[in-house]
1. Give region 214-224 a look and list any residue that's surrounded by fewer than 23 Cβ atoms within 10 Å (Cβ to Cβ) and either at pLDDT below 90 or not in a helix (DSSP H, G or I) (or both), or say none.
2. Return yes or no: is Arg185 touching a Ser or Thr at 6+ places or on another chain (Cβ under 7 Å), farther than 21 Å from Asn85 by Cα and at pLDDT 90 or above?
3. Pairs under 6 Å by beta carbon, first residue under 18 Å from Ala171 (Cα atoms) and touching a residue at least 60 places away in the same chain (Cβ under 8 Å) in region 184-199, partner of a type in the set (Asp, Glu) and surrounded by fewer than 24 Cβ atoms within 10 Å (Cβ to Cβ), six or more apart or different chains?
4. Of everything in region 1-59 that's touching a Pro at 6+ places or on another chain (Cβ under 6 Å) and either of a type in the set (Gly, Ala, Ser) or modelled with pLDDT of 95 or more (or both), which residue is surrounded by the fewest Cβ atoms within 10 Å (Cβ to Cβ)?
5. Collect the residues in region 238-259 that are among the charged types (D, E, K, R) and either free of Cβ contacts under 8 Å to residues at least 40 places away in the same chain or assigned to a loop (DSSP other than H, G, I, E, B) (or both), keeping them in residue-number order.
6. Looking at (1) surrounded by fewer than 18 Cβ atoms within 10 Å (Cβ to Cβ); (2) at pLDDT 90 or above; (3) over 25 Å from His118 (Cα atoms); (4) not polar (S, T, N, Q), find the lone condition where Asp241 falls short.
7. Evaluate the following for Ala61: is it hydrophobic (A, V, I, L, M, F, W, C) and closer than 24 Å to Val121 by Cα?
Amino acid sequence: MTATRRTIVKLGGELLEPGADLRGLTRALAVIAAEGPLVVVHGGGKEIDAECARRGIAKVAVDGLRVTDAATLDAVVTVLSGAVNTRLVAALAAAGTPAVGLTGADASCVLVEKAAPHHAVDGRVVDLGLVGTPIGSAWPGVLDALIAAGTIPVVACVGIDASGQLYNVNADTMAAHLAGVGRARRLIIGGTVAGVLDATQALIAHLDPAGIDALVADGTASAGMVAKLTACRRALDAGVDEISIVDARTPGHLVSRTGTRISRSLQESPS
C-alpha cells in the first residue's frame, strides 16, 4: 500500500451530534475513500461537555485543550468510544460504506505519554492532567489491515500508554500525528468554521508555517484554533504534503478542500 496516498480526515464532534447531516458526511467520506486509503479521526465536542455537566464535572480548558482528571476522562471515554464513534460507524454502514470503530487503545495503535505542562499563550503553565501526547514514528499496521479488508477505520481520540493507562488526546493532535507517521498525502480537518480567520474575521486562503506562528503569537488565533494550528505545524514538519481546514457542515468542502490550505510555502501551488 502506497503510504503517500493516505488521507486522514478529522471530524469535530459538533459535526456528529444527533441531528447533524451524517448522510452528507458519509457521502463525502465515501468519495475520499474511493481516491485512496482513508482514516477518520473524530472528537466529541459538546457531547463531552454535556456528559460532564450531567455528572457535575466543571469544564476546564486552555488554548482549546481540555484539562482532564480521572472523572473527566471517564466521561470522555464514554462519549467518544461509545455514542459518537458508534453513531458515525452506523451512518457509514447505512450509506453502504463499511467502517470499523476503534480508539487509540485498540491494538495500541496510538501510544501516548502524559503531556508535558502546557505553556499557554497567556503565559500560564498548566498541567493538563490525563491528556496524552502521541509518541513513536511507526504507522499502526492495524489501520492498513482494516483498510485492506475494505473498511474505513474510524478512530476516537483516546490513547494508551505502555502501562495501559488511558488518556484523552486532542483530536487535531491525534489526526496530525497519524498523518505524520503515515506520511499522508493530505490531512483534512473538518469543523464548523470556514477555515482560519484573520483579525477582521476574513478567511485566510493559504498559510505557511511563518503565518501560523504569527497568528498564534499576536493572539489572532485563540482557543481551539491554537490547538489546530499547532497540530498542523507538527504535521507539516513530519512531511505531510497538504493540510486543509474546512467547514464540514457543507460536506462537499471535505472533498473539494474549500477553506484554508496550509503548506510549507506560500509559493506551492494547490494540488
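The values are calculated or read from the model by the stated rules, or taken from the named source; none is laboratory data. Quantities reported herein were computed from a predicted structural model and do not represent experimental measurements. Virtual Cβ from ideal backbone geometry, glycine too; neighbours counted across all protein chains shown.
1. First pass over region 214-224, keeping only residues surrounded by fewer than 23 Cβ atoms within 10 Å (Cβ to Cβ): 214-220, 222-224.
If the condition is that a residue be surrounded by fewer than 23 Cβ atoms within 10 Å (Cβ to Cβ) and either at pLDDT below 90 or not in a helix (DSSP H, G or I) (or both), then Val216, Ala217, Asp218, Gly219, Thr220, Ser222, Ala223, Gly224 are the ones that fit.
2. Values: touching a Ser or Thr at 6+ places or on another chain (Cβ under 7 Å): yes; farther than 21 Å from Asn85 by Cα: yes; at pLDDT 90 or above: yes.
Against the criterion (touching a Ser or Thr at 6+ places or on another chain (Cβ under 7 Å), farther than 21 Å from Asn85 by Cα and at pLDDT 90 or above), Arg185 qualifies.
3. Close Cβ pairs (under 6 Å, with a partner that is of a type in the set (Asp, Glu) and surrounded by fewer than 24 Cβ atoms within 10 Å (Cβ to Cβ)) amount to Arg186/Glu242; Thr192/Glu14.
4. Only one residue fits best here, namely Gly24.
5. Taking region 238-259 as the starting set, the residues that turn out to be among the charged types (D, E, K, R) are 241-242, 247, 249, 257.
Within region 238-259, Asp241, Arg249, Arg257 qualify.
6. (2)
7. Numbers: hydrophobic (A, V, I, L, M, F, W, C): yes; closer than 24 Å to Val121 by Cα: yes.
Judged against the criteria, Ala61 is a match.
Residue-by-condition table, conditions (1) of a type in the set (Lys, Arg); (2) in contact with a Pro (Cβ under 6 Å, 6 or more places away or on another chain):
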{"residue": "Ser81", "(1), (2)": "no, no"}
{"residue": "Ala91", "(1), (2)": "no, no"}
{"residue": "Val112", "(1), (2)": "no, yes"}
{"residue": "Ala115", "(1), (2)": "no, no"}
{"residue": "Arg124", "(1), (2)": "yes, no"}
{"residue": "Pro134", "(1), (2)": "no, no"}
